[in-house]
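All remarks here apply to the structure that follows.
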Amino acid sequence: MIILGIYNSHDACATLFDDYRLIAAVALERPSRVKSDGYRWPAEAVSECLGQAGLRPAQIQVVALSRAGYPKSYYHDAAFTFGDVGRGEQRDLFSVLNRRRLQDPERVFDVRRLMSDNGVNPERTFFYNHHAAHAFGTLFHTDWDDALLYTSDGGGDGVYYSARRFIDGKVEDLFGGETDARGIMKKQRRQDSLGLMYYHVTEALGFRPMRHEGKVLGLAAFGEPVYQEELSRFWRLDRDGQIRGRKLTRKIRETIYAIAKKGRREDLAASAQAVLEDLTIDSLSHIYEHASSRNLGLSGGVFANVKLTQRIAESFPFKEIFVCPAMSDQGEAEGGALEYLLERDGLQTWLSKRERWADLYLGRDYMNEADAIFEGGGAHRVGSSDVADTVSKLIVDGGIVGTYLGRCEYGPRALGARSIMACAIDRTINDTLNNRLDRTEFMPFAPVVREERVQDVFELPASLHYTARFMTVTCDVKPEWRDKIPAVVHVDGTARPQIVRRVDNPVYYGILEAYERATGIPVLINTSFNVHEEPIVNHPREALKALASERVDFVVTDRSVWAMPTKSQ
């Protein structure tokens, strides 16, 4: 059965399944080339997924849809009795349903016309729950028989947090499930959300919210949490572990802006980070006390905060902690399709189909075109037929190399398919890269290391090895290595490593291996292959453009290393 998963709010995305086999997963921004593209049907992402599968839209049998915003024109005339509001001409489907106390979207919404207008005619449409999609999209990629599933974000389907316990082959909603979302007495509200708190801090510091929260995290290490107590007063914990806002969002935002005007931005960032860490850990402590579990699954945009995950790992004795690699709403389309399969087949069958991630290379495969596009664009091959050895030598000589290796990554992290690699032994490389990529970053670049060498360089507990393959957590760098690889070590002595295995990306792994043979250093820089405010490279033409405009010195494909004529051979 061919199942299309759709998410149409910010960070819109599409996924395509053949039953439980995930064929492709693509964020809309990659093919559209508009950063964080969304608030519409992700047509270009759907096309990428179908192109990868060699399928036509008519072959889609099920479409899994969010209950986010849709154009007002798709709603029946009676849908807005209660004056529902939304983003421009968008109206939030969940809000419309909830205000009218309805379960069935087709009572207020013309889903068949939506399908027809976008060229599909499925046998069934299915509307998924936002936080359940986050949670089940995490659980599916584990082999656990006992886990706590915790989600936290800026909000979806009327929920900002959820907790579920998975044990004895059953999943129990602790809070934030569909019943709570539709309830009155325990309904969560915007002021409860620490994700929105971080949003307002990002905005108050002059950055773009829902995009530059990582810059706030980077700044935090340079400041002191002098405003933590003042900010913490806005929240309390319920007995079940839910975080509750004491004041309206407007008051919280006003206070954050007032602090930003009077204080150092580094101190506001540090204070917001401390509030996020401490309250999240307190919430998890309350839950863990009454529903202890051996493993922890985390998802939602809040868990893009890699330092938070490190703090959680240091605070609890979990056997394994796994952050969904597409932790933001880029993961909704996949989680929503999995939620459909769960409803269709039941939990026991669904659990039997689970599979841990091998890799995240789930974009469209353009490799058959890549070398011809580089050659046709005026690039020439350099080095020997051993591309890993060639790249290693180029990096030793100070070269900056973009990777175009197979299908692009699913989720927000570059993981070797669309990365930029450089040496980590000189911190000045950070300024060089930032200048060439038009970036202004406060954090160092991330390191990539072979699986066999990670324990030699990093203080990374075994509980985090799986999630560290996808760059979703920080850890301490061993003291003896901090001065050897300063370009990837933050001011607080931490780094966000990617662990790579040979089986996942042989060329990427081989470059690390060859570089260590040449230098004795097992670590290289891995930063995303994109210019500031542009999405990560998707098509070979975009990699060629980066090469021609000297964003990188070289580009490596599976078979060749490419340079422009101005670069020596």
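The values are calculated or read from the model by the stated rules, or taken from the named source; none is laboratory data. What you see is a predicted model, and the numbers here were worked out from it, not measured in a lab. Every residue, glycine as well, gets a Cβ built from its backbone with ideal geometry; the counts of neighbours run over all protein chains shown.
What pairs come out if I take residues in region 251-262 that are more than 11 Å from E230 (Cβ to Cβ) and pair them with residues that are β-branched (V, I, T) whose C-beta lies under 8 Å away, six or more apart or interchain?
A260/V201
What tally of residues in region 482-492 results from selecting those that are of a type in the set (V, I, T), assigned to a loop (DSSP other than H, G, I, E, B) and either at pLDDT 95 or above or over 22 Å from L217 (Cα atoms) (or both)?
The qualifying residues number 2.
May I ask you to verify whether R239 is loosely packed, with under 14 Cβ neighbours inside 10 Å and without any contact (Cβ under 8 Å) to a residue 40 or more places away in the chain?
Against the criterion (loosely packed, with under 14 Cβ neighbours inside 10 Å and without any contact (Cβ under 8 Å) to a residue 40 or more places away in the chain), R239 does not qualify.
Please note which strands (runs of 3 or more DSSP E) are completely contained in region 493-569 and include at least 1 residues that are in contact with a His (Cβ under 8 Å, 6 or more places away or on another chain) and acidic (D, E).
By residue number, no strands (runs of 3 or more DSSP E) qualify.
Which members of region 292-301 meet the condition of being buried (at least 22 other Cβ atoms within 10 Å of the Cβ) and either assigned to a helix (DSSP H, G or I) or not hydroxyl-bearing (S, T, Y) (or both)?
L296, G297, L298, G300, G301
Name the single residue that is surrounded by the most Cβ atoms within 10 Å (Cβ to Cβ) among those in region 302-349 being more than 25 Å from A414 (Cβ to Cβ) and of a type in the set (D, E).
E339
Determine which single condition L16 fails, assuming it passes every other condition in (1) touching a strand residue (DSSP E or B) at 6+ places or on another chain (Cβ under 6 Å); (2) more than 25 Å from F140 (Cβ to Cβ).
Evaluating L16 over (1) touching a strand residue (DSSP E or B) at 6+ places or on another chain (Cβ under 6 Å); (2) more than 25 Å from F140 (Cβ to Cβ) leaves (2) as the failure.
Applying the selection to region 386-413, what residues are at positive phi and over 28 Å from the mean Cα position of the chain (by Cα)?
Result: G398, single match.
Per-residue answers, yes or no, for (1) surrounded by fewer than 19 Cβ atoms within 10 Å (Cβ to Cβ); (2) in contact (Cβ under 8 Å) with a residue 60 or more places away in the chain:
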site	(1), (2)
S95	yes, yes
R100	yes, no
F109	no, no
H134	no, yes
F140	no, yes
G158	no, yes
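Tell me yes or no: at least one residue of region 197-210 is modelled with pLDDT of 95 or more and among the basic types (K, R).
There is no residue in region 197-210 that is modelled with pLDDT of 95 or more and among the basic types (K, R).
If a residue must be hydrophobic (A, V, I, L, M, F, W, C), in contact (Cβ under 8 Å) with a residue 60 or more places away in the chain and under 23 Å from G156 (Cβ atoms), how many such residues does region 192-236 contain?
Selection size over region 192-236: 5.
Go over the candidates R453, R469 one by one and state the one that is at pLDDT 95 or above, in contact with a Lys or Arg (Cβ under 9 Å, 6 or more places away or on another chain) and basic (K, R).
That would be R469, the only listed residue that is at pLDDT 95 or above, in contact with a Lys or Arg (Cβ under 9 Å, 6 or more places away or on another chain) and basic (K, R).
Which ranges mark the helices (runs of 4 or more DSSP H) fully within region 376-470 that have 1 or more residues being surrounded by fewer than 16 Cβ atoms within 10 Å (Cβ to Cβ) and without any contact (Cβ under 8 Å) to a residue 24 or more places away in the chain?
428-436, 454-457
Failed condition for K215, given (1) outside any helix (DSSP H, G or I); (2) closer than 16 Å to F442 by Cβ, with all others met?
Single failed check for K215: (1).
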